[in-house]
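Encoded as C-alpha coordinates, the structure appears first; notes follow it.
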Amino acid sequence: MQLKDVAVLITGGGSGLGAATARAMAAKGARIGVLDQNKENAEKVAAEVKGVALHADVTDEEAMKAAIAKAEAAHGVARVLMNCAGIGGSQRVVGKDGVYPLAKFVRIINVNLIGTFNALRLFAERLATAAPIGEEYQPRQAAVSPPIEEQPVVGRPAPADDPGF
(Lines give C-alpha, C1' and ligand atoms only; values in the text may rest on other atoms or scores of the structure.)
Protein backbone atom coordinates (compact mmCIF):
# COMPACT_ATOMS: atom_id res chain seq x y z
CA MET A 1 0.00 0.00 0.00
CA GLN A 2 1.32 3.41 -0.97
CA LEU A 3 1.10 5.71 2.08
CA LYS A 4 3.00 8.76 0.84
CA ASP A 5 0.85 11.81 1.63
CA VAL A 6 -2.11 9.63 2.66
CA ALA A 7 -4.01 10.93 5.68
CA VAL A 8 -4.20 8.29 8.43
CA LEU A 9 -6.12 8.37 11.71
CA ILE A 10 -4.77 6.16 14.51
CA THR A 11 -6.81 5.66 17.68
CA GLY A 12 -4.72 4.81 20.71
CA GLY A 13 -1.83 6.43 18.85
CA GLY A 14 -0.20 7.83 21.96
CA SER A 15 1.33 4.58 23.18
CA GLY A 16 1.93 0.90 22.51
CA LEU A 17 0.74 -0.59 19.24
CA GLY A 18 -0.83 2.71 18.17
CA ALA A 19 2.41 4.65 18.60
CA ALA A 20 4.38 1.94 16.79
CA THR A 21 1.84 2.03 13.95
CA ALA A 22 2.12 5.83 13.77
CA ARG A 23 5.90 5.60 13.50
CA ALA A 24 5.80 2.87 10.86
CA MET A 25 3.21 4.65 8.71
CA ALA A 26 4.95 8.02 9.06
CA ALA A 27 8.18 6.38 7.89
CA LYS A 28 6.32 5.50 4.69
CA GLY A 29 5.23 9.12 4.23
CA ALA A 30 1.72 9.03 5.69
CA ARG A 31 0.22 12.10 7.33
CA ILE A 32 -0.68 10.93 10.81
CA GLY A 33 -3.50 11.95 13.12
CA VAL A 34 -2.51 10.63 16.56
CA LEU A 35 -5.69 10.21 18.58
CA ASP A 36 -5.44 9.31 22.26
CA GLN A 37 -7.31 9.92 25.51
CA ASN A 38 -3.98 10.96 27.02
CA LYS A 39 -3.26 14.42 25.60
CA GLU A 40 0.44 14.42 26.51
CA ASN A 41 1.06 11.04 24.86
CA ALA A 42 -0.78 12.12 21.70
CA GLU A 43 1.28 15.32 21.55
CA LYS A 44 4.57 13.48 22.10
CA VAL A 45 3.99 10.91 19.36
CA ALA A 46 2.49 13.51 16.99
CA ALA A 47 5.60 15.69 17.38
CA GLU A 48 7.82 12.68 16.72
CA VAL A 49 6.00 11.72 13.50
CA LYS A 50 5.27 15.32 12.43
CA GLY A 51 1.56 14.61 12.73
CA VAL A 52 -1.35 16.22 14.50
CA ALA A 53 -2.28 15.41 18.10
CA LEU A 54 -5.94 14.63 18.69
CA HIS A 55 -7.19 14.43 22.25
CA ALA A 56 -10.39 12.36 22.47
CA ASP A 57 -12.04 9.41 24.17
CA VAL A 58 -13.14 6.92 21.50
CA THR A 59 -16.40 6.35 23.38
CA ASP A 60 -17.38 10.05 23.13
CA GLU A 61 -19.21 10.75 19.86
CA GLU A 62 -18.81 14.52 19.90
CA ALA A 63 -15.12 14.35 20.85
CA MET A 64 -14.51 11.87 18.02
CA LYS A 65 -16.32 14.06 15.49
CA ALA A 66 -14.20 17.03 16.58
CA ALA A 67 -11.00 14.98 16.35
CA ILE A 68 -11.85 13.74 12.85
CA ALA A 69 -12.57 17.32 11.77
CA LYS A 70 -9.28 18.57 13.27
CA ALA A 71 -7.33 15.81 11.52
CA GLU A 72 -9.05 16.63 8.24
CA ALA A 73 -8.23 20.35 8.60
CA ALA A 74 -4.57 19.44 9.04
CA HIS A 75 -4.14 16.62 6.49
CA GLY A 76 -7.29 16.30 4.38
CA VAL A 77 -9.83 13.48 4.54
CA ALA A 78 -8.33 10.45 6.25
CA ARG A 79 -8.25 7.42 3.96
CA VAL A 80 -6.99 4.94 6.56
CA LEU A 81 -8.25 4.24 10.08
CA MET A 82 -6.15 2.16 12.45
CA ASN A 83 -8.12 1.27 15.58
CA CYS A 84 -5.46 0.64 18.22
CA ALA A 85 -7.21 2.14 21.24
CA GLY A 86 -7.71 -0.44 23.95
CA ILE A 87 -7.45 -0.94 27.67
CA GLY A 88 -7.18 -3.93 29.95
CA GLY A 89 -7.62 -4.78 33.54
CA SER A 90 -6.59 -8.25 34.56
CA GLN A 91 -7.82 -9.14 37.98
CA ARG A 92 -9.43 -12.16 39.57
CA VAL A 93 -13.21 -12.25 39.41
CA VAL A 94 -13.15 -12.78 43.16
CA GLY A 95 -9.93 -12.16 45.03
CA LYS A 96 -8.65 -11.23 48.46
CA ASP A 97 -9.81 -7.63 47.85
CA GLY A 98 -13.33 -8.71 46.88
CA VAL A 99 -15.21 -9.03 43.63
CA TYR A 100 -14.02 -7.51 40.33
CA PRO A 101 -15.64 -4.07 40.02
CA LEU A 102 -18.38 -4.08 37.38
CA ALA A 103 -17.68 -0.44 36.47
CA LYS A 104 -14.10 -1.39 35.54
CA PHE A 105 -15.32 -4.18 33.25
CA VAL A 106 -17.93 -1.90 31.67
CA ARG A 107 -15.24 0.70 30.91
CA ILE A 108 -13.07 -1.97 29.24
CA ILE A 109 -16.00 -3.09 27.06
CA ASN A 110 -16.91 0.52 26.23
CA VAL A 111 -13.40 1.40 25.07
CA ASN A 112 -12.45 -1.87 23.37
CA LEU A 113 -15.76 -2.65 21.69
CA ILE A 114 -18.04 0.39 21.61
CA GLY A 115 -15.14 2.81 21.07
CA THR A 116 -13.79 0.78 18.18
CA PHE A 117 -17.21 0.74 16.54
CA ASN A 118 -17.74 4.44 17.25
CA ALA A 119 -14.46 5.37 15.54
CA LEU A 120 -15.22 3.10 12.59
CA ARG A 121 -18.74 4.39 11.99
CA LEU A 122 -17.76 8.08 12.22
CA PHE A 123 -14.72 7.53 10.00
CA ALA A 124 -16.83 5.63 7.46
CA GLU A 125 -19.52 8.31 7.51
CA ARG A 126 -16.96 10.95 6.51
CA LEU A 127 -15.15 8.77 3.99
CA ALA A 128 -18.41 7.79 2.26
CA THR A 129 -18.90 11.36 1.05
CA ALA A 130 -15.28 11.99 0.04
CA ALA A 131 -14.34 12.07 -3.62
CA PRO A 132 -12.12 9.17 -4.74
CA ILE A 133 -8.44 9.93 -5.31
CA GLY A 134 -5.83 8.17 -7.42
CA GLU A 135 -6.77 4.58 -8.03
CA GLU A 136 -9.50 4.38 -5.38
CA TYR A 137 -12.69 2.69 -6.43
CA GLN A 138 -16.14 2.40 -5.00
CA PRO A 139 -16.33 -0.28 -2.30
CA ARG A 140 -17.98 -3.52 -3.26
CA GLN A 141 -19.57 -6.18 -1.12
CA ALA A 142 -16.80 -8.49 0.01
CA ALA A 143 -18.83 -11.16 1.77
CA VAL A 144 -20.40 -13.75 -0.49
CA SER A 145 -23.14 -16.11 0.59
CA PRO A 146 -25.30 -18.58 -1.33
CA PRO A 147 -28.75 -17.48 -2.49
CA ILE A 148 -31.32 -17.55 0.29
CA GLU A 149 -33.15 -20.52 -1.22
CA GLU A 150 -29.96 -22.58 -0.90
CA GLN A 151 -29.41 -21.80 2.78
CA PRO A 152 -30.71 -24.27 5.37
CA VAL A 153 -33.46 -23.04 7.65
CA VAL A 154 -33.43 -24.33 11.21
CA GLY A 155 -36.75 -25.87 12.22
CA ARG A 156 -38.04 -26.33 8.68
CA PRO A 157 -38.33 -29.87 7.37
CA ALA A 158 -36.01 -30.55 4.46
CA PRO A 159 -37.70 -30.89 1.08
CA ALA A 160 -37.82 -34.34 -0.49
CA ASP A 161 -35.27 -33.36 -3.11
CA ASP A 162 -32.85 -31.86 -0.51
CA PRO A 163 -29.27 -32.71 -1.50
CA GLY A 164 -28.36 -32.84 2.19
CA PHE A 165 -27.10 -29.67 3.81
Q) Can you name the residue in region 77-118 that is basic (Lys, Arg) and either without any contact (Cβ under 8 Å) to a residue 60 or more places away in the chain or part of a helix (DSSP H, G or I) (or both) and is also nearest to GLY134 (Cα to Cα) among such residues? A) ARG107
Q.
For the list (1) over 14 Å from the mean Cα position of the chain (by Cα); (2) at pLDDT 95 or above, I need the number of the one condition that THR21 fails.
A. (1)
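Across region 1-55, what is the number of residues that are part of a strand (DSSP E or B) and either under 11 Å from ALA85 (Cβ atoms) or of a type outside the set (Lys, Arg) (or both)? If you could, list the steps in order and put the result at the bottom.
To start, the set of residues in region 1-55 that are part of a strand (DSSP E or B) comprises 7-11, 31-36, 52-55.
Now restrict to residues that are either under 11 Å from ALA85 (Cβ atoms) or of a type outside the set (Lys, Arg) (or both): 7-11, 32-36, 52-55.
Matching residues across region 1-55 total 14.
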Q.
Against the conditions (1) closer than 20 Å to LEU120 by Cβ; (2) crowded, with 17+ Cβ neighbours inside 10 Å, where does MET1 fall short? Just the number, please.
A. (2)
Q) Do we find a residue being touching a strand residue (DSSP E or B) at 6+ places or on another chain (Cβ under 7 Å), within 25 Å of ALA7 (Cα to Cα), of a type in the set (D, E, K, R) and in a helix (DSSP H, G or I) anywhere in region 59-66? A) no
Q) Quick check: is even one residue across region 40-61 among the polar types (S, T, N, Q), at pLDDT 95 or above and over 13 Å from the mean Cα position of the chain (by Cα)? A) yes
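The values are calculated or read from the model by the stated rules, or taken from the named source; none is laboratory data. What you see is a predicted model; the values in this text were computed from it and never measured. Heads up, the Cβs are rebuilt from the backbone with ideal geometry, glycines too, and the neighbour counts pull from every protein chain shown.
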